[in-house]
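Asker: Sharing a structure with you now.
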């Protein structure tokens, strides 16, 4: 491994640490997709202590918070002297505004292999349904639809 000398590296690292300590919590990368009658949200959170994870809902807002701390090393339990420190540490937070078509009371979360998976069910009233079409004249009547999966 070859390290090049950079006289501004330590200054840059110090400035980044100071600025990141005063900034708002950092965002976390995510994927969101629909799988059947659920939305799935996957957050990349490698190295995060599972006990620091916090998933909350308020009104139609889903909030995810997590913390990655600097690990203590050695018998003296002091902070290591890094040669390179590119993995962000600190508090991470992300808020998502959920639409009206989700069941906020049915949200579930699981953390495995550095990925937090949040599953959000689609509300019954937002699921696709098939409407039967009446044939012939007569008085219009209320037509009740049945809930079906799209593509069934």
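Asker: Give the range 80-94 a look and list any residue that's under 16 Å from the mean Cα position of the chain (by Cα) and over 20 Å from residue 38 (Cβ atoms), or say none. Can you show your working first?
Answerer: To start, the set of residues in the range 80-94 that are under 16 Å from the mean Cα position of the chain (by Cα) comprises 91-94.
Scanning the range 80-94 gives 91, 92, 93.
Asker: Could you tell me how many of the residues in the range 80-109 are in contact with a strand residue (DSSP E or B) (Cβ under 7 Å, 6 or more places away or on another chain), more than 22 Å from residue 49 (Cα to Cα) and in a loop (DSSP other than H, G, I, E, B)?
Answerer: 3
Asker: Against the conditions (1) at pLDDT 75 or above; (2) surrounded by 10 or more Cβ atoms within 10 Å (Cβ to Cβ), where does residue 131 fall short? Just the number, please.
Answerer: That leaves (2) as the condition not met.
Asker: For the range 112-132, how many residues are assigned to a strand (DSSP E or B), over 11 Å from the mean Cα position of the chain (by Cα) and within 30 Å of residue 46 (Cα to Cα)? Give the derivation first.
Answerer: Just the residues of the range 112-132 that are assigned to a strand (DSSP E or B), to begin with: 112, 115-122, 129-130.
Going one step further and asking which of them are over 11 Å from the mean Cα position of the chain (by Cα), we end up with 112, 120-122, 129-130.
Keeping just the survivors that are within 30 Å of residue 46 (Cα to Cα) gives 112, 120-122.
Total satisfying the criteria: 4.
Asker: Are there strands (runs of 3 or more DSSP E) fully within the range 1-68 with at least 2 residues that are modelled with pLDDT of 90 or more, surrounded by 12 or more Cβ atoms within 10 Å (Cβ to Cβ) and touching a helix residue (DSSP H, G or I) at 6+ places or on another chain (Cβ under 8 Å)? List them. Before the answer, list the steps.
Answerer: Details: elements: 30-35, 38-44, 54-58, 61-68.
Here the list reads 61-68.
Asker: List every residue pair whose Cβ atoms sit under 6 Å apart, with the two residues 6 or more apart in sequence or on different chains, where the first one lies in the range 78-94 and is within 24 Å of residue 116 (Cα to Cα) and the second, anywhere, is at pLDDT 75 or above and surrounded by 13 or more Cβ atoms within 10 Å (Cβ to Cβ).
Answerer: Correct list of pairs: 89/68; 91/67; 92/28; 92/66; 93/65; 94/28; 94/64.
The values are calculated or read from the model by the stated rules, or taken from the named source; none is laboratory data. Here the structure is a predicted model, which means the values were calculated and not measured. Every residue, glycine as well, gets a Cβ built from its backbone with ideal geometry; the counts of neighbours run over all protein chains shown.
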